[in-house]
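Asks: Following this message is one structure expressed as structure tokens.
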Amino acid sequence: MDNAENRMQPADALVIFGATGDLAHKMIFPALYAMARRGVLNVPVVGVAYSKWSLAQLRKQATDSIRQAGKIDDRGALDLLLSQLQYVDGDYNDPGTFQALRQALGDARRPAHYLAIPPALFATVIQGLGAAGLAKQARVIVEKPFGRDLASARELNRVALSVFPENSIFRIDHYLGKEAIMNILYFRFANSFLEPIWNRNCVASVQITLSEDFGVKGRGAFYESAGCLRDVIQNHLFQIVALLAMEPPAYQGFGAVHNEKARVFQSMRPLKPDDVVRGQYTGYRKEPGVAKDSDVETFCALRLFIDSWRWEGVPWYLRSGKCLANTAAEVLVELKPPPQRLFDDSVSVDGRANYLRFRLSPNSAVALAARVKRAGKEFVGFQRELYLLDEQPGEETPYERLLGDAMAGVGALFTREDAVEAAWAVVDPVLETPRHVYPYKPGSWGPKQADALIKADGGWHNPVLEQAPK
Ligand code: BG6
């Protein structure tokens, strides 16, 4: 796969808007340190924020953030990063902030502007960059959520495209930078055994669970404006669906992958209220920043159909939630049972037919469940998994990979305007008039109403914490 298609020249400076914020602290500084360690961070890094900080404070914050993310085992890399760091303090509504940024950028001609800021400020900063002449030959890296519905995503795309060309807009969905998720694309199209069964003839249903055993972790105010459907389903889980459901790319290039992924979203049937079950964990309303009578969902389960030749009639079930029983992400592709029931136990005791399981986190694996005969006179058996893949050491973190790609000008692992809008079009009908939100106990698998949604297809498969077989 050629991921250098339409490659731009590498950026010669990195600007981080929101440098004093949470995302920079948790993700960006550790990623920059990892890049410095690998010797691929050779450009000035300019932090911008409106915090009345000094450069010394930002350096300290960067060091703390790297320390919290892991060990500082390469002092030289840390010193390099700190020596490249600069800081501009100012209001994003003030043109003076962008003039100060221009000064700080000095001779840099191709800066990458990373917007690690609340989505409400995206348009202001993009327009500020355009007005200050800082968008020429530059690129912009935008964090999710990209819009909060179809109309706002369209508007944001309009603003972004009025200042930057599409190939200079890098929309981040960090799930696309995860090894296990990149492997879905590879596994599907680097093997030939899957294709004959990968369709409505053999697949009964597909389900995807992204469960987290923690709450909103101090992000109550953000979460109130998002909810589970917007926070992880319309983006992270939909991206996984697209990789599982897409047709083979027409040629060896990521433009072709983007085309096929966009087609999946375009073939998805827009959701109806009956397709969605929302839940909220008990105690959410007491979280800081959360309204006492909030009806924002911290759990969401939905049923989806892709009206395409390949997937017609196959239900796709997606589920995610905070404060669930454990933290894991898993896909289960359930296969249809054999056409004739020759053995009494053709379907396993727990009612599961053969399946293919993509374990995405915390470990990564692909497993194929098949029935094998138990020793003895009787033709009875049990279901065993062929465990196909395990983790490999030395993986880059998603932020390290995506930041490096954006700096290098490689757009393969970013989302495209048409795909983002098509994905919003699917969820838009249920955003405006959401149904009742059902309470659930922290540590459970969400409200029982979500079980009814998938009952006809054997129920939810709850991911277990597993150890890879030796
Ligand atoms: C983020 C969401 O995009 O993804 C969070 O805003 C969520 O709410 C996180 O916890 C999950 O990402 P990961 O990589 O930890 O599975």
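Asks: Which numbered condition trips up Glu179, out of (1) open to solvent by 10 Å² or more (accessible area, probe 1.4 Å); (2) under 25 Å from Glu287 (Cβ atoms); (3) within 16 Å of the ligand (Cβ to nearest atom)?
Replies: (2)
Asks: Of the residues that sit in region 408-456 and are of a type in the set (Ser, Thr, Tyr) and buried (at least 19 other Cβ atoms within 10 Å of the Cβ), which one is modelled with the lowest pLDDT? Steps first, please.
Replies: Kept after step one, since they are of a type in the set (Ser, Thr, Tyr), are these residues of region 408-456: 415, 433, 438, 440, 444.
Next cut, buried (at least 19 other Cβ atoms within 10 Å of the Cβ) only: 415, 440.
Values: Thr415: 95, Tyr440: 98.
Checking each candidate, the answer is Thr415.
Asks: How many residues, within region 158-176, are within 16 Å of the ligand (Cβ to nearest atom), of a type in the set (A, V, I, L, M) and assigned to a helix (DSSP H, G or I)?
Replies: Number of matching residues: 1.
Asks: Hey, another quick one. Take the residues in region 183-235 that are more than 16 Å from the ligand (Cβ to nearest atom) and surrounded by 19 or more Cβ atoms within 10 Å (Cβ to Cβ); name whichever of them is nearest to Glu396 (Cα to Cα). Write out each step before concluding.
Replies: To start, the set of residues in region 183-235 that are more than 16 Å from the ligand (Cβ to nearest atom) comprises 185-207.
With the extra rule that they be surrounded by 19 or more Cβ atoms within 10 Å (Cβ to Cβ), the set shrinks to 185, 203, 205-207.
Values: Leu185: 18, Val203: 33, Ser205: 32, Val206: 29, Gln207: 27 Å.
Taking the candidates together, the pick is Leu185.
Asks: Kindly indicate whether any position in region 262-278 is under 19 Å from Ser444 (Cβ atoms), within 16 Å of the ligand (Cβ to nearest atom) and buried (at least 24 other Cβ atoms within 10 Å of the Cβ).
Replies: Yes, region 262-278 has at least one match.
Asks: Quick one: count up the residues across region 333-350 that are outside any strand (DSSP E or B) and either under 23 Å from the mean Cα position of the chain (by Cα) or among the hydroxyl-bearing types (Ser, Thr, Tyr) (or both).
Replies: Count: 2.
Asks: Tell me, which residue of region 236-255 that is modelled with pLDDT under 95 and open to solvent by less than 50 Å² (accessible area, probe 1.4 Å) is farthest from Glu432 (Cα to Cα)?
Replies: Gly253
Asks: Something else: Mind listing whichever residues of region 91-122 are open to solvent by 30 Å² or more (accessible area, probe 1.4 Å), in a helix (DSSP H, G or I) and touching a residue at least 24 places away in the same chain (Cβ under 8 Å)?
Replies: Those that are open to solvent by 30 Å² or more (accessible area, probe 1.4 Å), in a helix (DSSP H, G or I) and touching a residue at least 24 places away in the same chain (Cβ under 8 Å): Pro95, Gln99, Arg102, Pro119, Leu121.
Asks: Considering only region 28-63, how many residues are part of a helix (DSSP H, G or I) and farther than 20 Å from Val88 by Cα? Reasoning before the result, please.
Replies: Narrowing region 28-63 to residues part of a helix (DSSP H, G or I): 28-37, 55-63.
Remaining after also requiring farther than 20 Å from Val88 by Cα: 30-31, 33-37.
Residues that pass the stated criteria total 7.
Asks: Separate question: Return the only residue of Thr282, Thr327 being within 16 Å of the ligand (Cβ to nearest atom), open to solvent by 20 Å² or more (accessible area, probe 1.4 Å) and within 22 Å of Thr209 (Cβ to Cβ).
Replies: Working: Thr282 fails: within 16 Å of the ligand (Cβ to nearest atom).
Exactly one residue qualifies, and that residue is Thr327.
Asks: For the structure I just gave you, tell me whether Glu330 is in a loop (DSSP other than H, G, I, E, B), under 26 Å from Asp451 (Cβ atoms) and under 19 Å from the mean Cα position of the chain (by Cα). Spell out the reasoning first.
Replies: On the way: in a loop (DSSP other than H, G, I, E, B): no; under 26 Å from Asp451 (Cβ atoms): yes; under 19 Å from the mean Cα position of the chain (by Cα): yes.
Considered against the rule, which asks whether it is in a loop (DSSP other than H, G, I, E, B), under 26 Å from Asp451 (Cβ atoms) and under 19 Å from the mean Cα position of the chain (by Cα), Glu330 comes out as no.
Asks: Go through (1) under 24 Å from the mean Cα position of the chain (by Cα); (2) crowded, with 20+ Cβ neighbours inside 10 Å and name the single condition Asn354 misses.
Replies: Asn354 satisfies every listed condition except (1).
Asks: Here's something else I'd like to know. Among (1) in a strand (DSSP E or B); (2) exposed (fewer than 15 other Cβ atoms within 10 Å of the Cβ), there is one condition Val366 misses while meeting the rest; what is its number?
Replies: Every listed condition holds for Val366 apart from (2).
Asks: Conditions: (1) within 23 Å of the chain's Cα centre (by Cα); (2) part of a loop (DSSP other than H, G, I, E, B). Glu155 meets all but one. Number of the miss?
Replies: (2)
Asks: For region 123-169, name all the residues that are modelled with pLDDT of 95 or more, open to solvent by 50 Å² or more (accessible area, probe 1.4 Å) and among the acidic types (Asp, Glu).
Replies: Hit for region 123-169 is Glu155, nothing else.
Okay, residues lined up against (1) surrounded by fewer than 18 Cβ atoms within 10 Å (Cβ to Cβ); (2) at pLDDT 95 or above; (3) among the basic types (Lys, Arg); (4) closer than 25 Å to Phe222 by Cβ:
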site: Asn6; (1), (2), (3), (4): yes, no, no, no
site: Thr20; (1), (2), (3), (4): no, yes, no, yes
site: Lys26; (1), (2), (3), (4): yes, no, yes, yes
site: Ala31; (1), (2), (3), (4): no, yes, no, yes
site: Gly47; (1), (2), (3), (4): no, yes, no, yes
site: Thr63; (1), (2), (3), (4): yes, yes, no, no
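Asks: So, one more: For the condition among the polar types (S, T, N, Q) and at pLDDT below 95, what is the one hit in Ser211, Ser267, Ser205, Ser225? It would help to see each step written out before you state the result.
Replies: Numbers: Ser211 fails: at pLDDT below 95; Ser267 fails: at pLDDT below 95; Ser205 fails: at pLDDT below 95.
So the residue among Ser211, Ser267, Ser205, Ser225 that is among the polar types (S, T, N, Q) and at pLDDT below 95 is Ser225.
Asks: Looking at region 396-435, which of its residues are among the β-branched types (Val, Ile, Thr), more than 15 Å from Phe238 (Cα to Cα) and within 16 Å of the ligand (Cβ to nearest atom)? So that I can check it myself, show each step before the final result.
Replies: Start the filter on region 396-435 by keeping residues that are among the β-branched types (Val, Ile, Thr), which leaves 397, 410, 415, 420, 426-427, 430, 433.
Those left that are additionally more than 15 Å from Phe238 (Cα to Cα): 397, 410, 430, 433.
Result: Thr397, single match.
Asks: Kindly establish whether Asp295 is open to solvent by 50 Å² or more (accessible area, probe 1.4 Å), under 18 Å from Leu229 (Cα atoms) and in a loop (DSSP other than H, G, I, E, B).
Replies: Working: open to solvent by 50 Å² or more (accessible area, probe 1.4 Å): yes; under 18 Å from Leu229 (Cα atoms): yes; in a loop (DSSP other than H, G, I, E, B): yes.
Yes; evaluated as a whole, the condition is true for this residue.
The values are calculated or read from the model by the stated rules, or taken from the named source; none is laboratory data. Quick caveat, the model's predicted, so the values are computed rather than measured. Backbone-built Cβ (ideal geometry, glycine too); neighbour counts: all protein chains shown. Note: areas computed on protein heavy atoms with side chains; ligands, DNA, RNA excluded. Shrake-Rupley method; radii C 1.70, N 1.55, O 1.52, S 1.80 Å.
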